[in-house]
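J.: Quick one: the structure is below, and I'll ask about it shortly.
The values are calculated or read from the model by the stated rules, or taken from the named source; none is laboratory data. What you see is a predicted model, and the numbers here were worked out from it, not measured in a lab. When we count neighbours, we look across all protein chains shown, and the Cβ atoms used for this are built from the backbone with ideal geometry, even at glycine. Surface accessibility is based on the protein's heavy atoms, side chains included, excluding ligands, DNA and RNA. Shrake-Rupley method; radii C 1.70, N 1.55, O 1.52, S 1.80 Å.
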Amino acid sequence: MISNTSHAQTLRASAGEPEKAESASSTSPSEIALTNVSKTFALGKGQTLDAVSNVDLNIAGGEFIALIGASGCGKSTLLRMIAGLEDPSQGSITIAGQSPEDCIKRHKLGIAMQEHGLMPWLSAWNNVAMPFRLAGLPIDKKRVDELLALVELADFAQAMPKQLSGGMKQRVSIARALVLKPDVLILDEPFGALDAVTRRLMNNELQRIWSQQPTTTILVTHSVEEAVFLADRICLMSPRPGRLELIEEVELNRPRGLDTMHEPEFRQILAKLTTALDDVCTQGSRQ
Amino acid sequence: MISTLKGIWTRYWGILILLAAWQFFVSINNINSIVAPSPQGVVLSLINNADYFAGEALRTTLTASGGLLLGLLLGIVIAALAWSTPTLSGLLMPMALLLRSIPIVAFVPIIVRIAGYGTHTVLIVTTVLSFFPCYVFALSGFQEVAQVRKDFCRSVGCKTVGWRFFRYVAMPTAVPNILTALRVLAPTALLVALVAEFLIGADGLGYVMLRARSDLEMDKSWAAALLASVLSVTFFALFSWFDKKYRSNWQA
Ligand SMILES: Nc1ncnc2c1ncn2[C@@H]1O[C@H](COP(=O)(O)OP(=O)(O)OP(=O)(O)O)[C@@H](O)[C@H]1O
Ligand SMILES: [Mg+2]
């Protein structure tokens, strides 16, 4: 775990421009600790559903975690709990030693979901500026411009969401999640609706953005390839109840490029995780 | 010129044929204009009394749009209060339904008793009858914020009940609903104003209809009715255009 932190940070220092690397060292991203976290939903009529069960996980500051698993196994529920949008039924979650709510109050959390959730009545620029307004902070115009440039949408600042493509909307949504300089970035299948080619491009961009910003990132994805390409560690969840079945370290060099996907190590991890995912899913359906 | 005429013909030939049939029917049967005036008579009456009709039509238009806007404003403000205080919304919704189900002919005399005779009473009636639909549309608009947007707001530390959320998210979310309310209510507001004028005897097109009929000036009465329906269509077209223009920015 500890080695992982330094690993991520050296990579960032080497990947980012000098001044970005400097800002990276000034704020340190938060580590996240999940202890015995469970979530049980009441379905009414006395029925309950165990969505997440006994999850223990420590995420180092600046680490990139990917969460994979069958549909309905509790990934989003786990993310929502980490983001403070849902309370765990049992166990505890801390971000930098404090509760997720504290993290939210300090504006240190950013989320981007599968549905981009942009405000259709606002331009891309105003959507990215929205967190400032909602948080009651003065709008840092330079920061908004910077973020739009980071996701390569500077030319589309005044475009309305309906004028943007699906991938562009997702990029605006990611820019919006990053604008308050969060220490923790939570992504729930942000690229789920995109085609394979756009998705790979977006993965590349996400990696670049992550390497420039000191951010602990948790990404839920259905694509094992995406997980292997982006993550430092991959967590595999088993369905009903959602448990962590397997945690796999990805020791591929960064920055990873399109050619990384053809490397034997990449193929090997991909094959291993795909098999494990298939196993977990078929077990689930046999029950 | 010819192409414009052709355009009018292809779009409105139904109405033109109806007018022709009406004129034909009235002249062939030699019907007295007290029973049914000819279209020619109606148009002549409109032209001969252009100033008079313009003045009365303007009056009715102003009262109707004034009542509509006041009702809208009131509806939005009360809906905002109801949004922030669920107990209030529980109290107001049955009242809204009750008031909506009273027929206007029964409603107007009650208001007249309280407020007296005059244009201000027409304004009050139009306001009250516009208020409740606006309130219902606005409130459901405020409550329609999608879960992803709520989650996003909470993730940046904005509670989904406070003023900031209302101003930046709930209020804009309700705009398409409010546009719909305006579009649907605009012709209704006009109709309500006309009926109120008619029942109260307050100046305006509704009263013109009433007085011309009792004076047996059927051309004038029909002219007022024609003008009223033209106004109603114009209202609808105007607010539909407005709706279309602004709604497009709400499609993600
Ligand atoms: N608010 C809720 N009330 C009741 N049950 C819920 C609620 N939210 C989620 N669940 C249930 O919890 C389980 C896990 O849901 P969750 O959304 O976390 O799955 P997921 O892993 O994100 O699936 P997917 O990959 O399809 O998004 C599901 O069985 C779902 O029906
Ligand atoms: Mg999910």
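J.: Normalised by the number of residues in chain A, what is the relative contact order in percent for Cα pairs under 8 Å and 6+ residues apart? If you can, show how the numbers build up before the last one.
T.: Details: 522 pairs, mean separation 72.7, N = 287.
Over chain A, the number comes to 25 percent.
J.: What residue among B:118, B:14, B:75 shows peak mean-square fluctuation when chain B is described by a Gaussian network model with Cα springs under 10 Å?
T.: Between B:118, B:14, B:75, it is B:14 that shows the largest mean-square fluctuation.
J.: Moving to a separate point now. Run a plain Debye calculation on the protein assembly as shown (Cα atoms as equal point scatterers, no solvent) and give log10 I(q)/I(0) at q = 0.08, 0.11 Å⁻¹, rounded to two decimals, same order as the q list.
T.: Treating every Cα as an identical point scatterer, log10 I(q)/I(0) equals -0.69, -0.97.
J.: How much accessible area is lost when chains B and A come together, counting both sides, with a 1.4 Å probe, in Å² rounded to the nearest 100?
T.: 2200 Å²
J.: Okay, moving on. Take every residue in peptide B:145-154, count the Cβ atoms of other chains within 10 Å of its Cβ, and give the average of those counts.
T.: Working: counts 0, 2, 4, 10, 6, 2, 9, 16, 5, 8.
Whole-number average of other-chain Cβ neighbours for B:145-154 is 6.
J.: May I ask you to list the GluC sites (Glu not before Pro) in the range A:131-218 that are in a DSSP loop and have at most 16 other Cβ atoms within 10 Å of their Cβ? Don't jump to the answer; show the numbers that get you there.
T.: Values: sites: A:146, A:152, A:205; in loops: A:152.
Answer by residue number: A:152.
J.: Could you look at chain A and say what percent of its accessible area is carbon and sulfur, using a 1.4 Å probe and all protein chains?
T.: On the way: 6130 of 12170 Å².
Answer for chain A: carbon and sulfur cover 50 percent of the accessible area.
J.: I've got another one for you. Of the heavy-atom accessible surface of the range B:38-247 (probe 1.4 angstrom), what whole percent is carbon and sulfur? Don't skip to the end; give the middle numbers.
T.: Details: 7060 of 10120 Å².
That share works out to 70 percent.
J.: Where does each of A:157-167, B:55-65 land if you order them by average Cβ count within 10 Å, highest first? Don't skip to the answer; put the middle values down first.
T.: Working: A:157-167: 15.6, B:55-65: 20.3.
Listed from highest to lowest mean packing, they are B:55-65, A:157-167.
J.: Which value in Å is the Kirkwood Rh of chain B over different Cα pairs? The partial results should precede the final answer.
T.: On the way: mean 1/r = 0.0480 Å⁻¹.
For chain B, inverting the mean 1/r across all distinct Cα pairs yields 20.8 Å.
J.: Just to confirm, what accessible area per residue do you get for chain B at 1.4 Å probe, in whole Å²? Before the final figure, lay out the partial values.
T.: Values: 13670 Å² over 252 residues.
Per residue, chain B has an accessible area of 54 Å².
J.: Please give the FRET efficiency for residue B:34 paired with residue A:45, using the beta carbon to beta carbon distance and R0 = 51 Å, rounded to the nearest 0.05.
T.: Computed FRET efficiency for residue B:34 and residue A:45 comes out at 0.10.
J.: Which residue, chosen from B:53, B:200, B:233, occupies the Cα position most advanced towards the positive end of the dipole of chain B, where the dipole is computed from +1 (Lys, Arg) and -1 (Asp, Glu) charges on Cβ about the Cα centre?
T.: B:233
J.: Can you tell me the FRET efficiency between residue A:251 and residue A:157 if r is taken as the Cβ-Cβ distance and R0 is 30 Å, rounded to the nearest 0.05?
T.: Working: r = 39 Å, r/R0 = 1.30.
It comes out at approximately 0.15.
J.: May I pose another question? Other chains near A:114-127: what is the mean number of their Cβ atoms within 10 Å of each residue's Cβ?
T.: 4
J.: Distance in nm between label sites at residue B:99 and residue B:19, each 7 Å beyond Cα in the beta-carbon direction?
T.: 4.1 nm
J.: Now a separate question. About its Cα centre, what dipole magnitude does chain A give when the only charges are +1 on Lys and Arg Cβ and -1 on Asp and Glu Cβ, stated in debye to the nearest 20? Numbers along the way, then the final one.
T.: Values: 29 positive and 34 negative charges, 155 e Å.
That gives a dipole near 740 debye.
J.: Test of understanding: extend the Cα→C-beta vector of residue A:141 to 7 Å, then name every residue of the range A:159-188 with backbone N under 17 Å from that spot.
T.: Residues A:159 fall inside that zone.
J.: Here's a follow-up. Calculate how steeply helix B:205-214 sits against the longest principal axis of the alpha-carbon atoms of chain B, using the helix alpha-carbon long axis, and give the answer as 0 to 90 degrees to the nearest 10.
T.: Orientation of helix B:205-214: about 30 degrees from the principal axis.
J.: Kindly state, to the nearest 0.05, the FRET efficiency for residue A:260 paired with residue B:244, given R0 = 30 Å and r defined as their beta-carbon distance.
T.: On the way: r = 50 Å, r/R0 = 1.66.
Once the sixth-power term is evaluated, E becomes 0.05.
J.: Relative contact order of chain B, please, whole-number percent, based on alpha carbon pairs below 8 angstrom and at least 6 residues apart. Mind showing how you got there, number by number?
T.: Numbers: 286 pairs, mean separation 65.2, N = 252.
Across chain B, relative contact order equals 26 percent.
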